[in-house]
Amino acid sequence: FCIIPFFSLFLDHLAMADGYMSDEEEITTIASPPVVDKYKSAATVANAALAHVASLCQPGASVVAICQAGDEFIANETTKVFSKKKFLRGVAFPTCISVNNTACNFSPLAGDDVIIAEGDVVKIDLGAHFDGYASQVGHTIVATANPQEPIVGKKADVICAAHFAGECALRLCRPGNKASDVTKAIKDVSEVFQCNPIAGFHSFQVGRYEVEGEKSIPNAVDEDDKKTEDFTFEENEVYVIDILMSTGEGTVKPGETKTTVYRKTDQMYQLKLNASRYVIGEVNKRFNKFPFTLRALDPKKGRLGIVECLKNNLVEDYPVVYEREGEIVAQFKFTVLLLPNSIQKLNAYNLPYVQSQYNITDPALTSILSMSLKRTSNAKKKKKNKKKQAAAESMDTTA
(Lines give C-alpha, C1' and ligand atoms only; values in the text may rest on other atoms or scores of the structure.)
Protein backbone atom coordinates (compact mmCIF):
# COMPACT_ATOMS: atom_id res chain seq x y z
CA PHE A 1 0.00 0.00 0.00
CA CYS A 2 1.32 3.46 -0.97
CA ILE A 3 -0.11 5.21 2.07
CA ILE A 4 2.65 7.77 2.69
CA PRO A 5 2.95 9.11 -0.89
CA PHE A 6 -0.85 9.35 -1.17
CA PHE A 7 -1.11 11.15 2.17
CA SER A 8 1.70 13.49 1.13
CA LEU A 9 -0.11 14.40 -2.09
CA PHE A 10 -3.27 14.97 -0.08
CA LEU A 11 -1.45 17.40 2.22
CA ASP A 12 0.06 19.21 -0.78
CA HIS A 13 -3.41 19.61 -2.22
CA LEU A 14 -4.66 21.09 1.05
CA ALA A 15 -1.66 23.41 1.23
CA MET A 16 -2.31 24.77 -2.25
CA ALA A 17 -5.99 25.18 -1.46
CA ASP A 18 -5.26 27.11 1.72
CA GLY A 19 -2.46 29.11 0.06
CA TYR A 20 0.36 28.40 2.52
CA MET A 21 3.05 26.83 0.36
CA SER A 22 5.61 29.20 1.87
CA ASP A 23 8.73 27.24 0.92
CA GLU A 24 7.90 27.04 -2.78
CA GLU A 25 5.85 30.21 -3.23
CA GLU A 26 7.34 32.32 -6.01
CA ILE A 27 8.33 35.88 -5.16
CA THR A 28 7.15 38.17 -7.95
CA THR A 29 8.33 41.53 -6.59
CA ILE A 30 11.72 43.17 -7.06
CA ALA A 31 12.64 42.00 -3.57
CA SER A 32 13.77 38.96 -5.57
CA PRO A 33 17.07 39.42 -7.51
CA PRO A 34 15.94 37.10 -10.36
CA VAL A 35 12.88 39.30 -10.87
CA VAL A 36 15.07 42.42 -11.04
CA ASP A 37 17.24 40.61 -13.57
CA LYS A 38 14.22 39.93 -15.78
CA TYR A 39 13.09 43.56 -15.62
CA LYS A 40 16.57 44.77 -16.54
CA SER A 41 16.93 42.24 -19.34
CA ALA A 42 13.57 43.36 -20.73
CA ALA A 43 14.78 46.97 -20.55
CA THR A 44 17.95 46.09 -22.46
CA VAL A 45 15.83 44.69 -25.30
CA ALA A 46 13.35 47.59 -25.18
CA ASN A 47 16.14 50.18 -25.27
CA ALA A 48 17.80 48.46 -28.22
CA ALA A 49 14.43 48.25 -29.99
CA LEU A 50 13.87 51.97 -29.37
CA ALA A 51 17.25 52.81 -30.90
CA HIS A 52 16.50 50.59 -33.89
CA VAL A 53 13.06 52.10 -34.45
CA ALA A 54 14.35 55.66 -34.02
CA SER A 55 16.94 55.07 -36.74
CA LEU A 56 14.12 54.11 -39.11
CA CYS A 57 12.01 57.22 -38.41
CA GLN A 58 13.30 59.23 -41.35
CA PRO A 59 11.39 61.51 -43.74
CA GLY A 60 9.68 59.33 -46.33
CA ALA A 61 9.53 56.23 -44.11
CA SER A 62 6.41 54.07 -43.76
CA VAL A 63 4.88 53.91 -40.27
CA VAL A 64 3.50 50.40 -40.94
CA ALA A 65 6.97 49.15 -41.91
CA ILE A 66 8.55 50.77 -38.83
CA CYS A 67 6.00 49.27 -36.44
CA GLN A 68 6.47 45.84 -38.00
CA ALA A 69 10.25 46.18 -37.76
CA GLY A 70 10.03 47.17 -34.08
CA ASP A 71 7.91 44.17 -33.12
CA GLU A 72 10.10 41.78 -35.10
CA PHE A 73 13.22 43.19 -33.43
CA ILE A 74 11.76 42.58 -29.95
CA ALA A 75 10.59 39.07 -30.87
CA ASN A 76 14.04 38.16 -32.18
CA GLU A 77 16.09 39.71 -29.38
CA THR A 78 14.06 38.15 -26.58
CA THR A 79 14.93 34.67 -27.88
CA LYS A 80 18.62 35.36 -27.20
CA VAL A 81 18.30 35.83 -23.42
CA PHE A 82 17.22 33.14 -20.94
CA SER A 83 17.28 30.86 -23.99
CA LYS A 84 17.05 27.70 -21.88
CA LYS A 85 14.01 28.93 -19.99
CA LYS A 86 10.59 27.96 -21.29
CA PHE A 87 8.61 30.95 -20.05
CA LEU A 88 6.71 33.44 -22.24
CA ARG A 89 8.69 36.33 -23.72
CA GLY A 90 8.44 38.96 -26.43
CA VAL A 91 6.39 42.09 -27.09
CA ALA A 92 4.87 43.70 -23.99
CA PHE A 93 3.51 46.68 -25.90
CA PRO A 94 3.29 46.75 -29.70
CA THR A 95 5.37 49.36 -31.48
CA CYS A 96 3.35 52.52 -31.98
CA ILE A 97 4.43 55.55 -34.02
CA SER A 98 2.27 58.60 -33.32
CA VAL A 99 3.05 61.77 -35.27
CA ASN A 100 2.49 65.45 -34.38
CA ASN A 101 -1.03 65.90 -32.92
CA THR A 102 -1.63 62.12 -32.74
CA ALA A 103 -1.20 61.48 -29.02
CA CYS A 104 -0.69 57.71 -28.86
CA ASN A 105 -1.56 54.11 -29.87
CA PHE A 106 -1.09 54.51 -33.64
CA SER A 107 0.05 51.09 -34.88
CA PRO A 108 -1.67 50.87 -38.28
CA LEU A 109 -2.48 48.00 -40.58
CA ALA A 110 -1.25 48.01 -44.18
CA GLY A 111 -4.28 49.85 -45.57
CA ASP A 112 -3.96 52.77 -43.15
CA ASP A 113 -0.31 53.66 -43.60
CA VAL A 114 1.19 57.08 -42.89
CA ILE A 115 4.43 58.41 -44.39
CA ILE A 116 6.69 60.41 -42.09
CA ALA A 117 7.48 63.92 -43.35
CA GLU A 118 10.39 66.28 -42.72
CA GLY A 119 10.01 67.98 -39.36
CA ASP A 120 7.38 65.60 -37.97
CA VAL A 121 7.42 65.16 -34.20
CA VAL A 122 7.43 61.38 -33.79
CA LYS A 123 6.50 59.53 -30.61
CA ILE A 124 7.79 55.96 -30.32
CA ASP A 125 6.10 53.63 -27.83
CA LEU A 126 7.00 49.95 -27.28
CA GLY A 127 7.74 47.30 -24.67
CA ALA A 128 9.44 43.94 -24.10
CA HIS A 129 9.13 41.29 -21.40
CA PHE A 130 10.58 38.10 -20.00
CA ASP A 131 8.27 35.82 -18.02
CA GLY A 132 5.72 38.64 -17.66
CA TYR A 133 8.18 41.18 -16.25
CA ALA A 134 8.04 44.05 -18.72
CA SER A 135 9.88 47.23 -19.53
CA GLN A 136 7.94 49.84 -21.47
CA VAL A 137 9.56 52.86 -23.06
CA GLY A 138 8.32 55.89 -24.97
CA HIS A 139 10.39 58.61 -26.60
CA THR A 140 9.95 61.66 -28.79
CA ILE A 141 12.19 62.54 -31.72
CA VAL A 142 11.99 64.89 -34.69
CA ALA A 143 12.28 63.33 -38.15
CA THR A 144 14.74 65.44 -40.09
CA ALA A 145 17.46 65.11 -42.68
CA ASN A 146 19.40 67.81 -40.79
CA PRO A 147 19.76 66.58 -37.19
CA GLN A 148 22.59 69.05 -36.58
CA GLU A 149 20.13 71.94 -36.86
CA PRO A 150 18.40 72.78 -33.55
CA ILE A 151 14.64 72.41 -33.27
CA VAL A 152 13.05 75.61 -31.96
CA GLY A 153 9.59 77.04 -31.33
CA LYS A 154 6.70 75.12 -29.84
CA LYS A 155 8.13 71.76 -30.92
CA ALA A 156 11.15 72.42 -28.71
CA ASP A 157 8.97 73.75 -25.89
CA VAL A 158 6.69 70.71 -25.68
CA ILE A 159 9.58 68.23 -25.93
CA CYS A 160 11.41 70.02 -23.10
CA ALA A 161 8.22 70.13 -21.04
CA ALA A 162 7.64 66.38 -21.37
CA HIS A 163 11.30 65.54 -20.72
CA PHE A 164 11.74 67.66 -17.59
CA ALA A 165 8.34 66.62 -16.23
CA GLY A 166 9.50 63.03 -16.56
CA GLU A 167 12.77 63.78 -14.78
CA CYS A 168 10.87 65.43 -11.91
CA ALA A 169 8.47 62.49 -11.73
CA LEU A 170 11.39 60.06 -11.60
CA ARG A 171 12.95 61.81 -8.61
CA LEU A 172 9.66 62.12 -6.75
CA CYS A 173 8.85 58.40 -7.09
CA ARG A 174 10.50 57.57 -3.81
CA PRO A 175 9.11 55.74 -0.79
CA GLY A 176 7.28 58.15 1.50
CA ASN A 177 6.26 60.59 -1.23
CA LYS A 178 2.71 60.99 -2.51
CA ALA A 179 1.49 60.44 -6.06
CA SER A 180 -0.10 63.89 -5.94
CA ASP A 181 3.42 65.37 -5.59
CA VAL A 182 4.25 63.93 -9.01
CA THR A 183 1.10 65.25 -10.67
CA LYS A 184 1.73 68.72 -9.24
CA ALA A 185 5.32 68.74 -10.52
CA ILE A 186 4.14 67.73 -14.02
CA LYS A 187 1.73 70.68 -14.02
CA ASP A 188 4.37 73.08 -12.69
CA VAL A 189 6.84 72.10 -15.42
CA SER A 190 4.18 72.41 -18.11
CA GLU A 191 3.49 76.00 -17.06
CA VAL A 192 7.17 76.91 -17.42
CA PHE A 193 7.13 75.82 -21.08
CA GLN A 194 3.63 77.20 -21.80
CA CYS A 195 2.22 73.72 -22.44
CA ASN A 196 -0.43 71.48 -20.88
CA PRO A 197 -0.28 67.88 -19.62
CA ILE A 198 -2.82 65.72 -21.42
CA ALA A 199 -5.78 64.83 -19.23
CA GLY A 200 -7.14 61.32 -18.85
CA PHE A 201 -3.78 59.53 -18.87
CA HIS A 202 -2.00 57.88 -15.95
CA SER A 203 1.33 56.39 -14.98
CA PHE A 204 0.75 52.95 -13.46
CA GLN A 205 2.26 50.62 -10.92
CA VAL A 206 3.02 47.41 -12.80
CA GLY A 207 3.69 43.79 -11.95
CA ARG A 208 4.00 40.41 -13.54
CA TYR A 209 1.69 40.37 -16.59
CA GLU A 210 0.13 43.56 -15.21
CA VAL A 211 0.41 46.84 -17.12
CA GLU A 212 -2.21 48.80 -15.16
CA GLY A 213 -2.03 48.09 -11.44
CA GLU A 214 -4.25 49.46 -8.68
CA LYS A 215 -1.99 52.44 -8.01
CA SER A 216 -1.89 55.15 -10.67
CA ILE A 217 -0.53 58.68 -11.02
CA PRO A 218 -2.68 61.14 -13.00
CA ASN A 219 -0.80 62.92 -15.79
CA ALA A 220 -2.98 65.97 -15.13
CA VAL A 221 -5.14 67.19 -12.26
CA ASP A 222 -8.76 66.24 -12.87
CA GLU A 223 -11.25 67.60 -10.37
CA ASP A 224 -13.97 65.32 -11.74
CA ASP A 225 -11.93 62.15 -11.21
CA LYS A 226 -13.42 60.54 -8.12
CA LYS A 227 -11.94 57.07 -8.69
CA THR A 228 -8.20 57.76 -8.53
CA GLU A 229 -6.99 57.84 -4.93
CA ASP A 230 -3.77 59.42 -3.75
CA PHE A 231 -1.20 57.00 -2.35
CA THR A 232 2.29 56.75 -0.89
CA PHE A 233 5.15 55.11 -2.79
CA GLU A 234 6.73 52.05 -1.16
CA GLU A 235 9.95 50.09 -1.54
CA ASN A 236 10.10 47.27 -4.09
CA GLU A 237 7.39 48.73 -6.31
CA VAL A 238 7.68 49.11 -10.08
CA TYR A 239 6.11 51.93 -12.10
CA VAL A 240 5.84 52.92 -15.74
CA ILE A 241 6.02 56.71 -15.80
CA ASP A 242 4.16 57.99 -18.87
CA ILE A 243 4.30 61.74 -19.53
CA LEU A 244 2.23 63.27 -22.34
CA MET A 245 2.46 67.01 -23.01
CA SER A 246 0.64 69.19 -25.53
CA THR A 247 1.06 72.64 -27.00
CA GLY A 248 -2.75 72.77 -27.00
CA GLU A 249 -5.32 72.57 -24.23
CA GLY A 250 -4.33 69.04 -23.18
CA THR A 251 -7.61 67.47 -24.29
CA VAL A 252 -7.59 64.57 -26.74
CA LYS A 253 -10.37 62.76 -28.59
CA PRO A 254 -10.62 59.65 -30.78
CA GLY A 255 -10.61 60.27 -34.52
CA GLU A 256 -11.69 58.10 -37.42
CA THR A 257 -8.57 55.97 -37.28
CA LYS A 258 -9.26 52.27 -36.67
CA THR A 259 -8.15 50.85 -33.34
CA THR A 260 -5.57 48.08 -33.70
CA VAL A 261 -4.19 47.71 -30.15
CA TYR A 262 -6.08 45.67 -27.56
CA ARG A 263 -5.52 43.93 -24.23
CA LYS A 264 -7.20 40.83 -22.77
CA THR A 265 -9.37 41.26 -19.67
CA ASP A 266 -10.40 38.79 -16.97
CA GLN A 267 -13.95 38.62 -18.34
CA MET A 268 -15.29 35.15 -19.27
CA TYR A 269 -17.68 34.45 -22.16
CA GLN A 270 -18.50 31.51 -24.44
CA LEU A 271 -17.56 32.83 -27.87
CA LYS A 272 -19.65 31.78 -30.85
CA LEU A 273 -17.43 32.54 -33.83
CA ASN A 274 -14.42 30.44 -34.76
CA ALA A 275 -12.55 33.64 -35.61
CA SER A 276 -13.21 35.00 -32.11
CA ARG A 277 -11.97 31.80 -30.49
CA TYR A 278 -8.88 32.02 -32.70
CA VAL A 279 -8.16 35.54 -31.44
CA ILE A 280 -8.46 34.62 -27.76
CA GLY A 281 -6.47 31.44 -28.29
CA GLU A 282 -3.59 33.34 -29.91
CA VAL A 283 -3.67 36.04 -27.26
CA ASN A 284 -3.57 33.52 -24.41
CA LYS A 285 -0.71 31.66 -26.03
CA ARG A 286 1.43 34.60 -27.16
CA PHE A 287 0.56 37.72 -25.16
CA ASN A 288 -1.28 36.76 -21.97
CA LYS A 289 -2.48 40.13 -20.54
CA PHE A 290 -0.07 42.33 -22.46
CA PRO A 291 -1.39 44.68 -25.16
CA PHE A 292 -1.20 43.29 -28.70
CA THR A 293 -1.81 44.54 -32.22
CA LEU A 294 -4.11 43.04 -34.83
CA ARG A 295 -1.09 43.12 -37.11
CA ALA A 296 0.27 40.14 -35.14
CA LEU A 297 -2.78 38.00 -36.01
CA ASP A 298 -4.18 36.48 -39.18
CA PRO A 299 -5.60 39.50 -41.08
CA LYS A 300 -9.06 38.06 -41.79
CA LYS A 301 -9.59 36.12 -38.57
CA GLY A 302 -8.16 38.93 -36.48
CA ARG A 303 -10.41 41.67 -37.84
CA LEU A 304 -13.50 39.48 -37.68
CA GLY A 305 -12.87 37.87 -34.32
CA ILE A 306 -11.90 40.99 -32.40
CA VAL A 307 -15.41 42.41 -32.85
CA GLU A 308 -17.14 39.71 -30.78
CA CYS A 309 -14.31 39.75 -28.22
CA LEU A 310 -14.66 43.52 -27.76
CA LYS A 311 -18.47 43.42 -27.68
CA ASN A 312 -18.40 40.92 -24.82
CA ASN A 313 -15.60 42.71 -22.90
CA LEU A 314 -13.05 39.92 -23.36
CA VAL A 315 -10.63 42.59 -24.57
CA GLU A 316 -10.36 46.34 -24.06
CA ASP A 317 -9.20 48.71 -26.76
CA TYR A 318 -6.44 51.29 -26.90
CA PRO A 319 -7.98 53.89 -29.24
CA VAL A 320 -5.88 56.30 -31.27
CA VAL A 321 -6.52 59.78 -29.85
CA TYR A 322 -5.74 63.24 -31.19
CA GLU A 323 -5.12 66.78 -30.04
CA ARG A 324 -6.47 69.60 -32.18
CA GLU A 325 -5.00 69.90 -35.67
CA GLY A 326 -1.89 72.04 -35.63
CA GLU A 327 -0.93 71.23 -32.04
CA ILE A 328 2.02 69.04 -31.05
CA VAL A 329 2.13 66.22 -28.49
CA ALA A 330 5.35 64.93 -26.92
CA GLN A 331 5.78 61.79 -24.83
CA PHE A 332 8.44 60.31 -22.56
CA LYS A 333 7.81 56.96 -20.92
CA PHE A 334 10.07 54.73 -18.85
CA THR A 335 10.11 51.92 -16.30
CA VAL A 336 11.23 52.67 -12.74
CA LEU A 337 12.30 50.28 -9.97
CA LEU A 338 11.96 51.55 -6.39
CA LEU A 339 14.81 49.52 -4.93
CA PRO A 340 15.85 49.75 -1.27
CA ASN A 341 18.98 51.80 -2.03
CA SER A 342 18.08 53.59 -5.25
CA ILE A 343 15.48 54.67 -7.75
CA GLN A 344 16.47 53.00 -11.02
CA LYS A 345 15.31 54.33 -14.37
CA LEU A 346 15.63 51.43 -16.79
CA ASN A 347 15.13 53.26 -20.08
CA ALA A 348 16.97 56.07 -21.84
CA TYR A 349 17.79 57.29 -25.31
CA ASN A 350 19.41 60.34 -26.91
CA LEU A 351 17.30 63.49 -26.76
CA PRO A 352 16.59 65.42 -29.97
CA TYR A 353 18.56 68.63 -30.49
CA VAL A 354 16.08 71.21 -29.26
CA GLN A 355 16.41 74.78 -27.99
CA SER A 356 13.44 76.08 -26.04
CA GLN A 357 12.87 79.74 -25.38
CA TYR A 358 12.05 78.89 -21.76
CA ASN A 359 14.20 77.75 -18.81
CA ILE A 360 13.38 76.22 -15.44
CA THR A 361 14.26 78.76 -12.75
CA ASP A 362 11.62 77.91 -10.11
CA PRO A 363 13.60 76.92 -6.96
CA ALA A 364 11.09 74.18 -6.13
CA LEU A 365 11.58 72.51 -9.53
CA THR A 366 15.36 72.96 -9.63
CA SER A 367 15.48 71.39 -6.16
CA ILE A 368 13.56 68.35 -7.40
CA LEU A 369 15.78 68.02 -10.48
CA SER A 370 18.90 68.10 -8.28
CA MET A 371 17.72 65.18 -6.12
CA SER A 372 19.92 62.10 -6.13
CA LEU A 373 18.49 58.80 -7.32
CA LYS A 374 20.36 57.03 -4.53
CA ARG A 375 18.57 56.69 -1.21
CA THR A 376 18.83 55.04 2.19
CA SER A 377 16.72 51.93 2.54
CA ASN A 378 14.00 51.73 5.17
CA ALA A 379 15.87 48.85 6.82
CA LYS A 380 19.03 50.96 7.17
CA LYS A 381 17.02 53.90 8.49
CA LYS A 382 15.46 51.68 11.16
CA LYS A 383 18.88 50.29 12.10
CA LYS A 384 20.32 53.80 12.31
CA ASN A 385 17.43 54.99 14.46
CA LYS A 386 17.87 52.01 16.78
CA LYS A 387 21.56 52.87 17.22
CA LYS A 388 20.67 56.49 18.00
CA GLN A 389 18.05 55.35 20.50
CA ALA A 390 20.48 52.92 22.12
CA ALA A 391 23.12 55.63 22.36
CA ALA A 392 20.64 58.03 23.91
CA GLU A 393 19.55 55.42 26.48
CA SER A 394 23.19 54.70 27.29
CA MET A 395 23.84 58.39 27.96
CA ASP A 396 20.77 58.55 30.20
CA THR A 397 22.01 55.54 32.17
CA THR A 398 25.48 57.03 32.54
CA ALA A 399 24.07 60.31 33.73
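Data for the structure
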quantity: Globularity ratio of the range 101-258, using Cα Rg and 2.2 N^0.38 Å; calculated: 1.11
quantity: Gain in span if fully extended, LYS285 to SER342, counting 0.36 nm per residue against the direct Cα distance; calculated: 17.0 nm
quantity: Distance between modelled label sites at THR251 and ILE27, nm, 7 Å Cα→Cβ extension; calculated: 4.9 nm
quantity: Rounded FRET efficiency, nearest 0.05, which uses the C-beta distance separating LEU109 from LYS272 and R0 of 25 Å; calculated: 0.55
quantity: Ranked order, MET268, MET245 - accessible area, probe 1.4 Å, largest first; calculated: MET268, MET245
quantity: Stokes-Einstein translational diffusion, the range 167-301 - Kirkwood Rh over all Cα pairs, 0.890 mPa s, 25 °C, in µm²/s; calculated: 141 µm²/s
quantity: Selection from GLN331, ALA296, ASN347 lying farthest towards where the dipole of the range 285-380 points positive, charges on Cβ; calculated: ALA296
quantity: Pairwise label distance in nanometres, THR79 with VAL221, each label 7 Å out on the Cα-Cβ vector; calculated: 5.1 nm
quantity: C-alpha center-to-center spacing [the range 286-349, the range 354-378] in angstrom; calculated: 29 Å
quantity: Full-stretch length increase - ASP362, ASP230 - with 0.36 nm per residue and alpha-carbon distance subtracted; calculated: 45.0 nm
quantity: Within the range 303-361: Cβ-based charge dipole about Cα centre, in debye rounded to nearest 20 (Lys, Arg +1; Asp, Glu -1); calculated: 220 debye
quantity: Nearest-10 value in Å² for the accessible area of ASP37, using the 1.4 Å probe; calculated: 80 Å²
quantity: Accessible surface of the chain, 1.4 Å probe, proportion on carbon and sulfur as whole %; calculated: 53 percent
quantity: Charged-residue dipole, Cβ positions (Lys, Arg, Asp, Glu), the chain about Cα centre, Debye nearest 20; calculated: 1100 debye
quantity: Solvent-accessible area of ASP71 with every protein chain in place, 1.4 Å probe, in Å² to the nearest 10; calculated: 20 Å²
quantity: Label assignment, P(r) over Cα pairs in 20 Å bins from 0, in percent derived from the structure, set [x] 20, 40, 30, 9, 2, 0; [y] 24, 51, 22, 3, 0; [z] 25, 54, 18, 4, 0; calculated: [z]
quantity: Accessible area in square angstrom per residue, the chain, 1.4 angstrom probe; calculated: 51 Å²
quantity: SER98 accessible area, 1.4 Å probe, all protein chains in place, Å² to nearest 10; calculated: 0 Å²
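The values are calculated or read from the model by the stated rules, or taken from the named source; none is laboratory data. What you see is a predicted model; the values in this text were computed from it and never measured. Here Cβ is always computed from backbone atoms with ideal geometry, including for glycine, and neighbour counts include all displayed protein chains. In case anyone asks, the SASA skips ligands and DNA or RNA and just uses the protein heavy atoms, side chains included. Shrake-Rupley method; radii C 1.70, N 1.55, O 1.52, S 1.80 Å.
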